Amino acid sequence: MSTTPTSLAVRVIPCLDVAMGRVVKGVNFLNLRDAGDPVALARRYYEQGADELTFLDVTATVDDRETMYDVVRATAEQVFIPLTVGGGVRSTADVARLLASGADKVGVNSAAIARPELIAEIADRFGAQVMVLSLDVKRGGTTDSGFVVTTHGGRTETDIDALEWAARAIDLGAGELLVNSIDADGTREGFDTELISLMRSVSSVPVVASGGAGEARHFPQAIAAGADAVLAASVFHNGEMTIGDVKRELRDAGNTVRE
Amino acid sequence: MSAPSVVVLDYGSGNVHSAVKALELAGANVSLTRNAGEAQEADGLLLPGVGSFAAVMAALVESRGNQIVDRRLAGGRPVLGICVGMQVLFERGVERGVDTEGMGEWPGTVDRLRSPILPHMGWNTVTAPEGTALFNGIEDERFYFVHSYGAQDWSLTGTAPIAEPLVTWADHGGRFVAAVENGPLTATQFHPEKSGEAGIRLLANWLRTLR
């Protein structure tokens, strides 16, 4: 696919895992009164120049989900950039509730694998721009592309080819792909650029690269491979680098960023 | 001078929390309602819009929001349309083969952008015209867009004593209308309430035009 003549900036997106109203895993911020408060952390990233925010609801029970709506509402009232919420979204009713709470986009993962029509239902009712297909992808399996879709955070392998799934989801109405590499995730050795460029080759919607960021120089590699946006969690949470550091690296590599 | 009052028209259009809070931050006294009286009396009316052209238009007609907009404009009272809330101000919208009549405040059709990658999602620059009040001091900022459709032509001109509409353009696989300032009627294809500080400043610029 040819490159688009556009002055669109590449997006830098911090991701927060939230359970029961608290940020879980790897937050170690100095000078933040409550590092576990997702709203405070979201505000911090907003002030650093984040282009969007993603919340991943890792809550286990239905009761706990109520807290997530409150977190989304409080964030949307203070942070004036787009907010994507994923994790446990199973129905258009869940989407309606998240949007009413202040989310702009909703990430759908396993529920769409179980019932692909959910993608069309969400896109038809709320618009494709709301419907982010979140994929946890791993190398291996018996798929044509060599990349397979997994569930349960990569622990369970399906027999679905990741590229075929992405193309089908776009046909059904997905407006964005959030591509998380299970192989790269946690390695800190960089994004899976082969996966990103394959995804770009089948995708007519924006691609967000996720998994593997360990150093600022990894981010331009993901963009060069074809990503429209880069997402990371721990490198931001543990204070190793700021959003500004990543944007500087992207700009130095010749990319357009929002200053 | 007290804060200008703004009604965010509540006709069931998705996420409006940020619009309310962003307007407050910009200096307005904001209420979220579909009450026609309140919507008529406010200094400004914000018309949000998320989803498909057809769905937004249907919801507007059902809640009589289109009448509220018409009456305000007939009285020269300011209205700000955002995203699909801007698109429905045109004559028609064509989405996935569905041709829907809009409010017809402006001539023209909203149709699919010509970029290989859609939606147009993210922070883009705009080209604002001479004399813009809306982009005063923020002409070089980026704003957050998320849409696959847009008005790609503009044909309405001004005939004295009616001033020429001020049209701001953006580009994604071809140019499209990013904002319009046309007497009491103002609109943006992007989301000022999602455009960080630049968006708050744009809303403050609009509030300054209210009285």
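The values are calculated or read from the model by the stated rules, or taken from the named source; none is laboratory data. Because the structure is predicted, anything quoted here is derived from the model rather than measured. Counting neighbours? That spans all protein chains shown, and the Cβs are built from the backbone with ideal geometry, glycine included. The area values use the complete protein model at the heavy-atom level, side chains included, leaving out ligands, DNA and RNA. Shrake-Rupley method; radii C 1.70, N 1.55, O 1.52, S 1.80 Å.
What's the number of the condition A:Val10 fails, among (1) more than 19 Å from B:Val146 (Cβ to Cβ); (2) modelled with pLDDT of 95 or more; (3) within 14 Å of chain B (Cβ to nearest Cβ)?
(1)
Give the residues of segment B:4-24 that are part of a loop (DSSP other than H, G, I, E, B) and in contact (Cβ under 8 Å) with a residue 60 or more places away in the chain, sorted by residue number. Outline the logic, then answer.
To start, the set of residues in segment B:4-24 that are part of a loop (DSSP other than H, G, I, E, B) comprises B:4, B:10-16.
Selection gives B:Pro4, B:Ser13.
When residues of segment A:86-134 are filtered for being part of a helix (DSSP H, G or I) and more than 14 Å from chain B (Cβ to nearest Cβ), how many remain? Spell out how you get there, then give the answer.
Filtering segment A:86-134 for residues part of a helix (DSSP H, G or I) gives A:92-101, A:110-114, A:117-126, A:128-130.
So of that shortlist, the ones also more than 14 Å from chain B (Cβ to nearest Cβ) come out as A:93-94, A:110-114, A:117-119.
Residues flagged as part of a helix (DSSP H, G or I) and more than 14 Å from chain B (Cβ to nearest Cβ) within segment A:86-134 amount to 10.
Would you confirm whether or not segment A:41-58 contains a residue that is open to solvent by 40 Å² or more (accessible area, probe 1.4 Å), part of a strand (DSSP E or B) and either more than 11 Å from chain B (Cβ to nearest Cβ) or at pLDDT below 95 (or both)? Let's see the steps before the verdict.
Kept after step one, since they are open to solvent by 40 Å² or more (accessible area, probe 1.4 Å), are these residues of segment A:41-58: A:43-44, A:47-48, A:56, A:58.
Then keep just the ones that are part of a strand (DSSP E or B); that gives A:56.
From what's left, either more than 11 Å from chain B (Cβ to nearest Cβ) or at pLDDT below 95 (or both): A:56.
Within segment A:41-58 (the criterion being open to solvent by 40 Å² or more (accessible area, probe 1.4 Å), part of a strand (DSSP E or B) and either more than 11 Å from chain B (Cβ to nearest Cβ) or at pLDDT below 95 (or both)), the answer is yes, since at least one residue qualifies.
Just for segment B:1-28: of the residues that are in contact with a helix residue (DSSP H, G or I) (Cβ under 9 Å, 6 or more places away or on another chain) and away from every other protein chain (no Cβ under 14 Å), which one is farthest from B:Arg201 (Cα to Cα)?
B:Leu9
Starting from residues that are outside any loop (DSSP other than H, G, I, E, B) and of a type in the set (Asp, Glu), keep the ones in segment B:84-135 and report whichever is most open to solvent (accessible area, probe 1.4 Å). If you could, list the steps in order and put the result at the bottom.
First, pick out the residues of segment B:84-135 that are outside any loop (DSSP other than H, G, I, E, B): B:84-87, B:90-95, B:98-101, B:106-112, B:120-124, B:127.
Applying the additional criterion that residues be of a type in the set (Asp, Glu) yields B:91, B:95, B:99, B:101, B:111.
Working: B:Glu91: 88, B:Glu95: 32, B:Asp99: 88, B:Glu101: 132, B:Asp111: 58 Å².
Ranking the candidates gives B:Glu101 first.
Under 6 Å between Cβ atoms, which residue pairs at least 6 apart in sequence (or on different chains) link something in segment A:145-161 that is free of Cβ contacts under 8 Å to residues at least 40 places away in the same chain with a partner that is open to solvent by 50 Å² or more (accessible area, probe 1.4 Å) and among the acidic types (Asp, Glu)?
Qualifying pairs under 6 Å: A:Val148/A:Glu157; A:Thr150/A:Glu157; A:Asp161/A:Asp144.
State which residue pairs qualify: first residue touching a residue at least 12 places away in the same chain (Cβ under 8 Å) and inside segment A:74-95, second residue outside any helix (DSSP H, G or I) and among the aromatic types (Phe, Trp, Tyr) in any location, beta carbons under 6 Å apart, and separation of 6 or more residues or different chains.
From segment A:74-95, the pairs are A:Val85/A:Phe55.
Hey, any hits in segment A:73-82 for a residue that's in a helix (DSSP H, G or I), more than 11 Å from chain B (Cβ to nearest Cβ) and at pLDDT below 95? If you could, list the steps in order and put the result at the bottom.
Of the residues in segment A:73-82, the ones in a helix (DSSP H, G or I) are A:73-76.
Imposing the further condition that a residue be more than 11 Å from chain B (Cβ to nearest Cβ) reduces the set to none.
Scanning segment A:73-82, I find no residue that is in a helix (DSSP H, G or I), more than 11 Å from chain B (Cβ to nearest Cβ) and at pLDDT below 95, so the answer is no.
Taking B:Gly27 as the residue in question, decide whether it is of a type in the set (Gly, Ala, Ser) and within 15 Å of the chain's Cα centre (by Cα).
Values: of a type in the set (Gly, Ala, Ser): yes; within 15 Å of the chain's Cα centre (by Cα): no.
Taking the combined requirement at face value, the residue does not satisfy it.
Just one of the numbered conditions (1) out of contact with any helix residue (DSSP H, G or I) (no Cβ under 6 Å at 6 or more places or on another chain); (2) within 14 Å of chain B (Cβ to nearest Cβ); (3) open to solvent by less than 50 Å² (accessible area, probe 1.4 Å); (4) more than 15 Å from A:Pro14 (Cα to Cα) is not true of A:Asp192; which one?
With (1) out of contact with any helix residue (DSSP H, G or I) (no Cβ under 6 Å at 6 or more places or on another chain); (2) within 14 Å of chain B (Cβ to nearest Cβ); (3) open to solvent by less than 50 Å² (accessible area, probe 1.4 Å); (4) more than 15 Å from A:Pro14 (Cα to Cα) applied to A:Asp192, the lone miss is (2).
For segment A:224-256, name all the residues that are in contact with a strand residue (DSSP E or B) (Cβ under 8 Å, 6 or more places away or on another chain), among the aliphatic types (A, V, I, L, M) and surrounded by fewer than 21 Cβ atoms within 10 Å (Cβ to Cβ).
Just the residues of segment A:224-256 that are in contact with a strand residue (DSSP E or B) (Cβ under 8 Å, 6 or more places away or on another chain), to begin with: A:225-233, A:236-237, A:243, A:246-247, A:250.
In the following step, the residues that additionally are among the aliphatic types (A, V, I, L, M) were identified as A:225, A:227, A:229-233, A:243, A:246, A:250.
If the condition is that a residue be in contact with a strand residue (DSSP E or B) (Cβ under 8 Å, 6 or more places away or on another chain), among the aliphatic types (A, V, I, L, M) and surrounded by fewer than 21 Cβ atoms within 10 Å (Cβ to Cβ), then A:Ala225 is the only one that fits.
Scanning segment B:171-205 for residues that are open to solvent by 20 Å² or more (accessible area, probe 1.4 Å) and assigned to a strand (DSSP E or B), which turns out nearest to the other protein chains (Cβ to nearest Cβ)?
So the residue we want is B:Asp171.
Restricting to segment A:116-144, name every residue that is at pLDDT 95 or above and of a type in the set (Ser, Thr, Tyr).
A:Ser134
Quick check on segment B:76-97. Is at least one of its residues more than 14 Å from every other protein chain (Cβ to nearest Cβ) and free of Cβ contacts under 8 Å to residues at least 12 places away in the same chain?
Within segment B:76-97 (the criterion being more than 14 Å from every other protein chain (Cβ to nearest Cβ) and free of Cβ contacts under 8 Å to residues at least 12 places away in the same chain), the answer is no, since none of the residues qualifies.
Do you know which residues across segment B:29-58 are in a helix (DSSP H, G or I), within 14 Å of chain A (Cβ to nearest Cβ) and without any contact (Cβ under 8 Å) to a residue 60 or more places away in the chain?
First, pick out the residues of segment B:29-58 that are in a helix (DSSP H, G or I): B:36-41, B:53-58.
Adding the requirement that they be within 14 Å of chain A (Cβ to nearest Cβ) leaves B:53-58.
The answer is B:Ala54, B:Ala55, B:Val56, B:Met57, B:Ala58.
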